[in-house]
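The values are calculated or read from the model by the stated rules, or taken from the named source; none is laboratory data. Because the structure is a prediction, the values reported are computed rather than measured. Note that we place each Cβ from the backbone using ideal geometry, even for glycine, and neighbour counts take in every protein chain shown. For accessibility, only protein heavy atoms count, side chains too; no ligands or nucleic acids. Shrake-Rupley method; radii C 1.70, N 1.55, O 1.52, S 1.80 Å.
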Amino acid sequence: MDAKAQALIKAYLKTKSFLVVEPTVAGKTAIEKMLQKTAVARKNVKFAKTLESALEIMKDQMPNYVFTLDKLEDGPYHDLLELHLKQQPNRLDNGFFLLTDNDSTDNITKLAQSEIDAMVILPFTVTSLQSEFLKVIVPKSAPSEYKILIESAREHMRYDVDKAMSFLNKAKKADSKPFEAFYLEGLIHLGDKALELARESLEQSLKFNPSYYNSLKELFNIYISLKEKHRAYQVSKKLSENYPVNPKMIPDLAWVSVANAQYDDILDYHQAFKNVEDPDSEMRNYISASLAIYGKKIIKDKTEGNESVDQSLIDRALRLMDEASVVCDDKPLVFASLINTLILSKNETITSKVLERAKSKFPKNKTIKTLEILADDASLPPSKSLKNAQDAVKSGLKSPEIYQIILKRSLELGLNESTIKDYLNEACQEFPQLSTEFEKIVNK
Amino acid sequence: MSISHDQITLVTKNLSQSWIIFSNDTSKSDCIKYRDIKILIADEEHITLLVPPSACSVGHNLSLFIFKNDKQVRTLKRMPQDKSILKCSTVNGKVQEFDLIDENLAEITLKITDRVLDYWKSFTDQIDKKQERVSELFTKYRE
């Protein structure tokens, strides 16, 4: 580092106070040593071991910089960060370092989208600690005009939107690629629920930086709200190409891919899923939901006579739905969706396999019990299916589909008119809004 | 940039860490409570760890067994006599500092007395590389 940069850092740090929240002696010593090496005076550093004592010191001293572990003995760090942001809204003169042993992509992406400045991974070395510190301090010690305007805008975003806007308008002229300024402008519009204006700002932001995560994320949500499936798809591609995909987003991404007839994308998510060691329940549920969406679309297209859906596509869809029922951890609705689709597919083998899995996972679930009756209706003789349906109704399991089976099969078996009329009345009583449908069946 | 179907990765909660157990050569005891042992700081000559408080004192010589994953430590019911079956790296050190944090946790700093130089250098290099990787991904979201 050259002498000029060093002088700037020294001048910057001279006026800054620090709070180090570390319960261990070695940790405290290491951070203290690092700070002293970087021209911070010992008297400017305060220490605390617990959340409570740290909050006390903060209320009293209002330190510019905070170093803290994510988990302290009496609680997590979030209250410290909240207080720090309130006390020191200007983040050029202030900052927050988090020490954590959690280097999972989940933690990194969460923290990257939070207000902390950097995350120091435990265990750390003298080198790793100092390099993170300098990465934050150096730009803050010599900020560009643009950066100053952006930070001023951020400072006022919460409580004085007009002021923030005026800083942003200046910022836009202060840099050749003011993507962050347009992003923040987009956020302000979103706060006012002005979707179209927000969209314009965010699209501008991406013109200057096509892979800027924050703008991509917000714009994706806007396009989904506005039902602009093509644009949503373009954004989703940029996201999944440049950033690890959050499993929570997979059902939305799957919907968008399917809406754009890009079925192979779902296979990509599925493949990425297979590469994960020990996927957790949440991830399994999201992936199986996306496979259910995939299967539903393929089979629906087939039943509607779409000629581009050939047998190999159907076979693959069936295979993936089978797999979805294995992967799905605890979402009965995913099973319900799979079974509904499989009934349409008329593939009895896979339908009954998936049904069995659903029943063993959710023995008391009414939706699945209903679906079993529907699925069996296709393969059982009418008298058996009718009995199943009647038993279901007697046991309290009432659904329009079950009544439809009762009516259809009773007619088929030639039961007498008054019996059928009784069934019709019962069905119309339970589901009066479907009376016309029920009457249509009987009057065929 | 062409769309490559190989490139999608999912965000996971899986984190990477080392797992440690140790023998106390001075008190002739072992500590296999790997869940209660954690490395906090490492440099060329020293290592700071969190350990169960009764496992050692100042001046004791410890042999640290460092594992890349918990597959083997999970199965250990006791420290094996024959250490060669442990799929790990070994570092020896003398306890220079001992601080009680609470009834369950103590912080010790070891001066490393014997290490396979290449291994230890690569261990501390790995720490720096991990921080780099984390920092790179973190920054990506903000630029």
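I'm checking my understanding of the structure. Among residues of the range A:20-56 that are β-branched (Val, Ile, Thr) and buried (at least 18 other Cβ atoms within 10 Å of the Cβ), which one is nearest to the other protein chains (Cβ to nearest Cβ)? Step by step, filter the range A:20-56, then rank; the result is A:Thr24.
Has the range A:191-205 got at least one residue that is within 12 Å of another protein chain (Cβ to nearest Cβ), surrounded by 18 or more Cβ atoms within 10 Å (Cβ to Cβ), modelled with pLDDT of 95 or more and under 19 Å from B:Thr139 (Cα atoms)? Checked against the condition, which is being within 12 Å of another protein chain (Cβ to nearest Cβ), surrounded by 18 or more Cβ atoms within 10 Å (Cβ to Cβ), modelled with pLDDT of 95 or more and under 19 Å from B:Thr139 (Cα atoms), the range A:191-205 yields no hits at all. In the range A:76-85, of all residues being surrounded by 14 or more Cβ atoms within 10 Å (Cβ to Cβ) and not acidic (Asp, Glu), the one that is nearest to A:Glu151 (Cα to Cα) corresponds to A:Leu85.
Could you identify the single residue in A:Ala112, A:Ala164 that is within 7 Å of chain B (Cβ to nearest Cβ) and in contact with a Leu (Cβ under 9 Å, 6 or more places away or on another chain)?
Within the list A:Ala112, A:Ala164, the selection yields A:Ala112.
Within the range A:87-104, the set of residues being crowded, with 17+ Cβ neighbours inside 10 Å, facing chain B (nearest Cβ under 10 Å) and not in a strand (DSSP E or B) comprises A:Asp101, A:Asn102, A:Asp103.
With respect to A:Val309, determine if the residue is open to solvent by 30 Å² or more (accessible area, probe 1.4 Å) and either more than 18 Å from A:Thr367 (Cα to Cα) or over 23 Å from the mean Cα position of the chain (by Cα) (or both).
Numbers: open to solvent by 30 Å² or more (accessible area, probe 1.4 Å): no; either more than 18 Å from A:Thr367 (Cα to Cα) or over 23 Å from the mean Cα position of the chain (by Cα) (or both): yes.
Spelling it out, it is not the case that A:Val309 is open to solvent by 30 Å² or more (accessible area, probe 1.4 Å) and either more than 18 Å from A:Thr367 (Cα to Cα) or over 23 Å from the mean Cα position of the chain (by Cα) (or both).
Going by what's in this entry, would B:Asp102 be described as of a type in the set (Asp, Glu) and either surrounded by fewer than 17 Cβ atoms within 10 Å (Cβ to Cβ) or without any contact (Cβ under 8 Å) to a residue 24 or more places away in the chain (or both)? First the steps, then the outcome.
Details: of a type in the set (Asp, Glu): yes; either surrounded by fewer than 17 Cβ atoms within 10 Å (Cβ to Cβ) or without any contact (Cβ under 8 Å) to a residue 24 or more places away in the chain (or both): yes.
Considered against the rule, which asks whether it is of a type in the set (Asp, Glu) and either surrounded by fewer than 17 Cβ atoms within 10 Å (Cβ to Cβ) or without any contact (Cβ under 8 Å) to a residue 24 or more places away in the chain (or both), B:Asp102 comes out as yes.
Output the residue which, of all residues in the range A:257-272 that are open to solvent by 40 Å² or more (accessible area, probe 1.4 Å) and part of a helix (DSSP H, G or I), is nearest to A:Ser312 (Cα to Cα). Selected residue: A:Asp264.
Checking the condition over 20 Å from A:Thr125 (Cβ atoms), touching a residue at least 24 places away in the same chain (Cβ under 8 Å), open to solvent by 70 Å² or more (accessible area, probe 1.4 Å) and more than 10 Å from chain A (Cβ to nearest Cβ), which residue from B:Arg35, B:Arg78 passes?
Just one listed residue meets the conditions, B:Arg78.
Among the conditions (1) open to solvent by 20 Å² or more (accessible area, probe 1.4 Å); (2) at pLDDT 95 or above, B:Arg115 misses just one, which is (2).
Residue-wise test of (1) at the interface with another protein chain (Cβ under 9 Å from one of its Cβ atoms); (2) of a type in the set (Ser, Thr, Tyr).
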residue	(1), (2)
B:Ser63	no, yes
B:Glu107	yes, no
B:Lys111	no, no
B:Val116	no, no
B:Tyr119	no, yes
B:Ser122	no, yes
B:Glu132	yes, no
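Look at B:Ile127 and say whether it is facing another protein chain (nearest Cβ under 8 Å), in a helix (DSSP H, G or I) and of a type in the set (Val, Ile, Thr). Yes. For the range A:145-160, which positions are more than 14 Å from chain B (Cβ to nearest Cβ) and either among the basic types (Lys, Arg) or outside any helix (DSSP H, G or I) (or both)? Of everything in the range A:145-160, those that are more than 14 Å from chain B (Cβ to nearest Cβ) and either among the basic types (Lys, Arg) or outside any helix (DSSP H, G or I) (or both) turn out to be A:Arg158, A:Tyr159, A:Asp160. Which residues, taken from the range A:117-135, are assigned to a loop (DSSP other than H, G, I, E, B) and more than 9 Å from chain B (Cβ to nearest Cβ)? If the condition is that a residue be assigned to a loop (DSSP other than H, G, I, E, B) and more than 9 Å from chain B (Cβ to nearest Cβ), then A:Asp117 is the only one that fits.
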